[in-house]
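Everything below concerns the one structure shown next.
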Amino acid sequence: MPLRNKKAWKTFIVSITAVLSMSMIAACGNDKTEGAKEDNSKVIVKYKGGEITEKEFDLEQRMIQFMSPEYAQFLQMDEFKEYLAKQGVAYEYLYAKADDKAKEAAEKQADDLLKQQKNGMGEDQFKAALETQKLTEQDLKNYMLRVLTVMEHEKNQVSEEDIKKDFDANKKDYTNISVRHVLVSFKDAEGKDRPEGEALKIAKEVENKLNKGEDFAAVAKEYSQDPASKDKGGLIENKPAGSWVPQFKEKALTLELNKISAPVETDYGYHVMKVEKREEVAYDKLPADQKEGILNELASAKIDNFMQNELNDLIESMDLPKSENTDKPAEGTGDEQKDGTTDKPAEGDQTPDAGKEDTGK
């Protein structure tokens, strides 16, 4: 399935349901989960079957600031807050339809994710981060339970036939490929932009050296700016093609084996490539984690489809608090990014699959 080309925050909101990681946020709404407290605050959203209060919506926003603080700036945008509220309605509504099987599975996942979060942050830092946003551990678990329950319920609606059909439609994405590459970034070793044309000039120099028979590993160690592969001789081994950005994927799928490519431009820079192995994968040999990836994407697509096509008919009224600054997010968070989103890879993360969901898609 192709990446959605949306505004950064919309991509962030929608994609969390597919990733199933600690960056996900769940719905606000009538909190019937453990630890719920009496709420007499103003009702700001009414929908068929329920409502969202100001207190609940404030909790939703604090959860974002806890789990994904880099997106907190978007809370100053009324458009973002409206989308957030609508997502809250969607999850609350879909949660009410979930069965006990989905809730039991979600309970175990939520416990596991909490443990991962604590271990990753450290107990003291975890508690301090919660206190900063005036949250409790139960608040966090309640939110996890909501989104995980909805995801589990939607996954239960996906059949094996649905998964195979999606696999067949995207079969090339599951081709396992071993490729060596040298990346010449648009930035130099100090992180400064190279002059126009310099990266291409260096990449052509790399191409010439390799075509003359110089050792790929030695050239990669000298020139490559991909920290994940340069010390491995530039080797990226047995990766599904669909995990890479489009230009890199296309060349990896079509380049003659063991031939040195001309420089391939991606948003990371220029790649000089050599494909060493390419192996198509039959559905019955597809690894379990990749099948799970397809399942998650199909379930996420069901939620997305609900939000796009059914949600508006459920909402009866919406009166959200207005932001003081509704024009734009903070500088440096514009919409144009490397893979069509504003999720830039972290500094130094220059692999051709950086910023993509590792689901084999």
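Listed values, structure above:
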read-out	value
Within segment 37-69, considering residues that are at pLDDT below 85 and surrounded by 13 or more Cβ atoms within 10 Å (Cβ to Cβ), the one farthest from Gln138 (Cα to Cα)	Ser68
In segment 225-251, residue surrounded by the fewest Cβ atoms within 10 Å (Cβ to Cβ) [restricted to those that are among the aliphatic types (A, V, I, L, M) and under 22 Å from the mean Cα position of the chain (by Cα)]	Ala228
Verdict on Lys221 being touching a residue at least 12 places away in the same chain (Cβ under 8 Å), in contact with a helix residue (DSSP H, G or I) (Cβ under 7 Å, 6 or more places away or on another chain) and open to solvent by 80 Å² or more (accessible area, probe 1.4 Å)	yes
Conditions (1) open to solvent by less than 50 Å² (accessible area, probe 1.4 Å); (2) not in a helix (DSSP H, G or I): number failed by Lys134	(1)
Members of segment 186-202 found to be open to solvent by 80 Å² or more (accessible area, probe 1.4 Å) and either hydroxyl-bearing (Ser, Thr, Tyr) or within 31 Å of the chain's Cα centre (by Cα) (or both), listed by number	Lys187, Ala189, Glu190, Lys192, Asp193
Set Lys108, Lys127: member being open to solvent by 20 Å² or more (accessible area, probe 1.4 Å), under 24 Å from the mean Cα position of the chain (by Cα) and at negative phi	Lys108
Counted residues, segment 274-329 - those being assigned to a loop (DSSP other than H, G, I, E, B) and more than 30 Å from Leu183 (Cα to Cα)	13
Single condition Asp100 does not satisfy, out of (1) outside the structural domain of Tyr268 (by the TED database); (2) more than 18 Å from Glu60 (Cβ to Cβ); (3) among the charged types (D, E, K, R); (4) touching a residue at least 12 places away in the same chain (Cβ under 8 Å)	(4)
Matching residues in segment 51-104 - criterion: being in contact with a His (Cβ under 9 Å, 6 or more places away or on another chain) and either of a type in the set (Lys, Arg) or part of a helix (DSSP H, G or I) (or both)	Leu94, Tyr95, Lys97, Lys101, Ala102, Lys103
Filter result for Asp173 (in contact with a Pro (Cβ under 9 Å, 6 or more places away or on another chain), touching a residue at least 12 places away in the same chain (Cβ under 8 Å), outside any helix (DSSP H, G or I) and open to solvent by less than 40 Å² (accessible area, probe 1.4 Å))	no
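The values are calculated or read from the model by the stated rules, or taken from the named source; none is laboratory data. These figures come from a predicted structure and were not determined experimentally. Note: ideal-geometry Cβ built from the backbone for every residue, glycine included; neighbour counts use all protein chains shown. Keep in mind that these areas ignore ligands, DNA and RNA; they rest on the heavy atoms of the full protein, side chains included. Shrake-Rupley method; radii C 1.70, N 1.55, O 1.52, S 1.80 Å.
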